[in-house]
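Worksheet: one structure, shown below.
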Amino acid sequence: MPPEVVQRVLAEIDRRHAADPVGRELAYAEAMTRHLEGLVEQPSEALRVAVRAQHFERWRYPRTDFPAGRRGYLRWRADAAGRQADAVETLLASCGVDDGTSVRVRALMMKRDRARDAEAQALEDCACLVFLETELEHFAKGREPAQLDGILLRTWRKMSEAGRRRALTLPIDAATRALLERALA
């Protein structure tokens, strides 16, 4: 993908993130990119796009449209990821991006085969890092310690060693760090 096309795609992704009625998605995308830059020395264009678009128009797919509990959450997450990937593929086509790159971006957004795909794992690491850094404190409120510990352990297990090292250096407050340390103990 030529640099000017990459820039046009990223600018359109950011424009669409800025339309989020709650106002969180652009900051999320920026945090994802910041973590990618700290994890991968020279990310591919497809990975840069997939990372930036990870929550593409997520507000259009409310969690409340799915049943409560873990099973409902997993169904919502899979449904949202597929719809987001569809929307990004449409955006990429409108920008003249070739089918091969579009297919790759979709696979990365869906985090397919992350056990064998270093780029898919890098995207997963970024998502986990953003969760730990910016969402954990709020997420923890009202959850039982055992439930929260389980969620944090699953998050930790999804991360690569590089992601875990970066997680231990996150600028999080003492209470949030204590939540993480308790879960990992």
- Can you check what the net charge comes to around Leu136, using other residues whose Cβ is under 11 Å from the Cβ of Leu136 (Lys, Arg +1; Asp, Glu -1)? -1
- Message: Rg over Rh of the stretch 30-117, using C-alpha atoms and the Kirkwood radius, what does it come to?
- Response: 1.00
- Task: Tally up the carbon and sulfur contribution to the accessible surface of the stretch 1-144 as a whole percent, 1.4 Å probe, everything protein left in place.
- Result: 49 percent
- Message: Quick check: Cα centre of the stretch 165-183 to Cα centre of the stretch 1-69, how many Å?
- Response: 24 Å
- With each run of n ≥ 4 DSSP H residues scored as -39500 (n - 2.57), what mean residue ellipticity at 222 nm is computed for the chain after dividing by its residue count and rounding to the nearest 500 deg cm²/dmol? -21000 deg cm²/dmol
- Query: Summing +1 for each Lys or Arg and -1 for each Asp or Glu, what net charge is found among the other residues whose Cβ lies under 13 Å from the Cβ of Glu37?
  - Reply: +1
- Report, as a whole number in µm² per second, the diffusion coefficient that Stokes-Einstein gives for the stretch 1-55 at 25 °C and 0.890 mPa s using the Kirkwood radius over alpha carbon pairs. 215 µm²/s
- For the chain, convex hull of alpha carbons as volume per residue, Å³: 121 Å³
- Message: If you fit an axis through the alpha-carbon atoms of helix 69-94 and take the longest principal axis of the Cα set of the chain, what angle between them do you get, 0 to 90°, nearest 10?
- Response: 20 degrees
- Message: Could you report the chain's accessible area per residue, 1.4 Å probe, as an integer in Å²?
- Response: 54 Å²
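The values are calculated or read from the model by the stated rules, or taken from the named source; none is laboratory data. None of the values given here were measured: they were computed from a predicted structure. In this analysis, Cβ positions are derived from the backbone assuming ideal geometry, glycine residues included, and neighbour counts consider all displayed protein chains. All accessible areas refer to the heavy atoms of the entire protein, side chains included, with ligands and DNA or RNA removed. Shrake-Rupley method; radii C 1.70, N 1.55, O 1.52, S 1.80 Å.
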